[in-house]
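What follows is a single structure, written as structure tokens, with notes after it.
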Amino acid sequence: MSTAALSELQPVAPPEPHLPEIAIEDVSRDLSRAIERAEVDAWLDLYDAAPADFAARHGLSIARDGDLVWTTCMTIPFIHFNCVKNIGVDGPASEAQLDALLAHYRAAGILRPWFYTNPHTEPSRLRCWLEARGLQHQSGWERIFRDATPLAAEPLFPTDDVSVEEVTSKTAPEWAAFIDGKYRLPTSPWLMALVGRKGWHHYMLKRDGAVAAVRSLFVSDGAAWSGIDAPVPGIMAPSFDLDAMLGERLVRDGTAAGAKLFVADIEAPREERDGPAYRNYARLGFRIAYLRSHYSYLPAHSS
């Protein structure tokens with residue numbers, strides 16, 4: 001028997017257990033609904049702010065049936081603008097409801113509508129219904145949250161060579177142009193309508209006088225949703241530090257504004273739940289609620 005064969009008989013040491021770099025909480029269904037509602041409320045208000053001429057030009061709309069909310073945009077194939085925000089969240093979904101939503105998007109000429117699911121989505125076979133109709137699991141984001149526990153007085157992420165400032169009517173064009181430039185979108189008129197609007201707080205991080213990163217916060221009924229971020233760390237930019245600095249400002253200002261629940265996402269999830277995004281959000285007091293999965297049709301050019 002060869003030495004190589006003998007070595008194959010040696011016991012294999014089990015891999016070292018890996019500990020996530022952020023706390024993971026087994027959230028209740030009620031808390032998951034509150035987490036999802038924070039985002040839905042932000043998007044409802046965001047669409048209410050859209051200038052009428054902009055909405056008409058782009059076929060932009062948001063609709064609701066009871067608690068269910070979905071968005072449509074005929075000219076901009078952006079995930080947020082053509083998605084069902086909360087199917088199966090506030091009550092069990094049905095196949096008839098799913099078929100009606102798919103028929104709506106077909107009639108609107110939307111080739112790739114998106115549906116979100118999470119471990120609390122009802123019924124659990126909703127994923128099977130989506131796949132049976134040709135939609136596939138495309139991606140997912142870590143849904144994270146925190147309560148109103150104050151941060152330490154000392155800065156967590158020092159901003160020695162950068163500055164974080166809240167967007168004003170004067171700086172709104174600069175902020176909006178930065179976002180549109182990063183995403184290649186024509187949404188500046190819509191974005192600028194959000195500046196000064198009740199509940200909204202928008203921030204720019206600048207380095208050497210130039211915008212380097214942005215993020216927004218919407219606070220309503222004690223819940224704060226964080227989004228409209230650019231560049232997305234881990235996807236559009238290699239560094240996570242600038243986003244962490246913005247995140248700290250948002251948590252401090254949101255707490256001062258009375259937020260009791262903060263909701264955000266890690267848009268470049270890692271199976272091991274480690275890396276700078278997880279470490280930074282853990283320092284900010286966030287915990288993982290669950291991985292929110294995204295379903296859509298494959299792109300036409302995909303095999």
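The values are calculated or read from the model by the stated rules, or taken from the named source; none is laboratory data. The structure presented is a predicted model; accordingly, all values stated were derived computationally and were not measured. Ideal geometry is used to build each Cβ from the backbone, glycine not excepted, and the neighbour counts take in all protein chains shown.
Remarks
- Filter result for the condition that a residue is part of a helix (DSSP H, G or I) and among the acidic types (Asp, Glu), over ASP265, ASP243, ASP274: ASP243
- Checking the stated criteria, LEU151 turns out not to satisfy the condition of being surrounded by 19 or more Cβ atoms within 10 Å (Cβ to Cβ) and farther than 21 Å from ARG37 by Cβ.
For (1) among the polar types (S, T, N, Q); (2) under 24 Å from the mean Cα position of the chain (by Cα); (3) at pLDDT below 95; (4) not assigned by TED's automatic domain parsing to the domain that holds TRP225, each residue gets a yes or a no:
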residue: ALA152; (1), (2), (3), (4): no, no, yes, no
residue: PHE157; (1), (2), (3), (4): no, yes, yes, no
residue: VAL162; (1), (2), (3), (4): no, no, yes, no
residue: VAL167; (1), (2), (3), (4): no, yes, no, no
residue: ALA172; (1), (2), (3), (4): no, yes, no, no
residue: ALA176; (1), (2), (3), (4): no, yes, no, no
residue: SER188; (1), (2), (3), (4): yes, yes, no, no
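- Screening the candidates ALA256, ALA282, ALA277 for the property of being surrounded by fewer than 16 Cβ atoms within 10 Å (Cβ to Cβ) and hydrophobic (A, V, I, L, M, F, W, C) yields one hit, ALA256.
- Candidates ARG197, ARG207: the one that is among the basic types (Lys, Arg), touching a residue at least 24 places away in the same chain (Cβ under 8 Å), under 30 Å from SER32 (Cα atoms) and surrounded by 13 or more Cβ atoms within 10 Å (Cβ to Cβ) is ARG197.
- Any hit, region 134-148, residues being without any contact (Cβ under 8 Å) to a residue 60 or more places away in the chain, touching a Ser or Thr at 6+ places or on another chain (Cβ under 6 Å), of a type in the set (Gly, Ala, Ser) and within 24 Å of ILE288 (Cβ to Cβ): no
- Region 61-102: number of residues that are among the hydroxyl-bearing types (Ser, Thr, Tyr) and either closer than 14 Å to LEU46 by Cβ or in a strand (DSSP E or B) (or both): 3
- If the condition is being closer than 26 Å to LYS260 by Cβ and either assigned by TED's automatic domain parsing to the domain that holds ARG37 or assigned to a loop (DSSP other than H, G, I, E, B) (or both), then region 204-231 contributes ASP221, GLY222.
- From LEU126, LEU102, residue being of a type outside the set (Val, Ile, Thr), without any contact (Cβ under 8 Å) to a residue 40 or more places away in the chain and touching a Gly at 6+ places or on another chain (Cβ under 8 Å): LEU126
- The lone exception for ALA93 - which of (1) small (Gly, Ala, Ser); (2) crowded, with 17+ Cβ neighbours inside 10 Å; (3) touching a residue at least 60 places away in the same chain (Cβ under 8 Å) it fails: (3)
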